[in-house]
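> Pasting in a structure now, in structure tokens, and then I'll have a few things to ask.
The values are calculated or read from the model by the stated rules, or taken from the named source; none is laboratory data. Everything numeric in this text was worked out from a predicted model, so none of it was measured. Heads up, the Cβs are rebuilt from the backbone with ideal geometry, glycines too, and the neighbour counts pull from every protein chain shown.
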Amino acid sequence: MAFLDKLSSFAQNTVDKTSDIIETKKLNMAISTEKAKIAELISKIGEYYWQQYSSGVTLDTEPTQFCEEIQVHKEKITSLETEIQAKKEEAGQASHAASIANSGEISCPACGINNPITSKFCKNCGGKLEINQSVHCECGHENAPGTKFCSACGKKLEA
């Protein structure tokens with residue numbers, strides 16, 4: 001009988017500990033929920049001050065400093081986005097130049113009509129056609145416009 005009493009006591013202790021763990025988890029979840037609500041409200045306060053700053057309202061020193069820091073970061077983002085756009089355009093121009101070299105034709109930037117690559121002016125509208133010259137390597141290989149390394153020998157090409 002003592003064995004069964006010990007087994008029953010052990011089972012009850014396990015159930016009690018499991019219940020405590022579950023209750024603690026529920027409380028921790030409630031705490032996390034309340035912290036998330038606080039973070040959301042703090043964010044709303046920040047948005048309120050940012051809107052005030054952006055509309056020219058004079059703020060206390062500390063919020064003004066935070067808003068100025070935000071402005072610096074926003075300007076940095078704009079600068080980086082501009083840099084990305086320039087890289088995309090550069091890649092697009094190199095791709096366009098390579099397609100010209102491969103197709104033997106160039107499209108007019110004014111009217112879009114394809115012209116022979118040897119043309120200097122558009123056969124349709126008379127607009128000036130700008131063709132990037134191919135790049136020659138010391139090894140004698142002719143590379144497509146915009147190429148940075150020779151496709152025959154791998155040597156860096158002069159711009």
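> Would you confirm whether or not the stretch 73-95 contains a residue that is at pLDDT below 95, farther than 30 Å from Thr147 by Cβ and touching a Leu at 6+ places or on another chain (Cβ under 9 Å)?
No - not one qualifying residue is present in the stretch 73-95.
> Considering only the stretch 142-159, state which residues are within 23 Å of Lys88 (Cβ to Cβ), at pLDDT below 80 and part of a loop (DSSP other than H, G, I, E, B).
Ala144, Pro145, Gly146, Thr147, Ala159
> Also: Can you name every residue in the stretch 59-88 that is of a type in the set (Val, Ile, Thr) and over 20 Å from Ser43 (Cα atoms)? Step through it out loud before you land on a result.
Looking only at the stretch 59-88, we keep the residues that are of a type in the set (Val, Ile, Thr), and these are 61, 64, 70, 72, 77-78, 82, 84.
Result: Ile77, Thr78, Thr82, Ile84.
> Sort through Ala11, Ala2 and tell me the only one that's modelled with pLDDT under 95, of a type in the set (Gly, Ala, Ser) and loosely packed, with under 10 Cβ neighbours inside 10 Å. Step through it out loud before you land on a result.
Values: Ala11 fails: loosely packed, with under 10 Cβ neighbours inside 10 Å.
That would be Ala2, the only listed residue that is modelled with pLDDT under 95, of a type in the set (Gly, Ala, Ser) and loosely packed, with under 10 Cβ neighbours inside 10 Å.
> Determine which single condition Trp50 fails, assuming it passes every other condition in (1) at negative phi; (2) free of Cβ contacts under 8 Å to residues at least 12 places away in the same chain.
It fails just one condition, (2).
> Take the residues of the stretch 112-141 that are modelled with pLDDT of 80 or more and part of a strand (DSSP E or B): which is nearest to Gly154 (Cα to Cα)?
Of everything passing the filter in the stretch 112-141, Pro116 is nearest to Gly154 (Cα to Cα).
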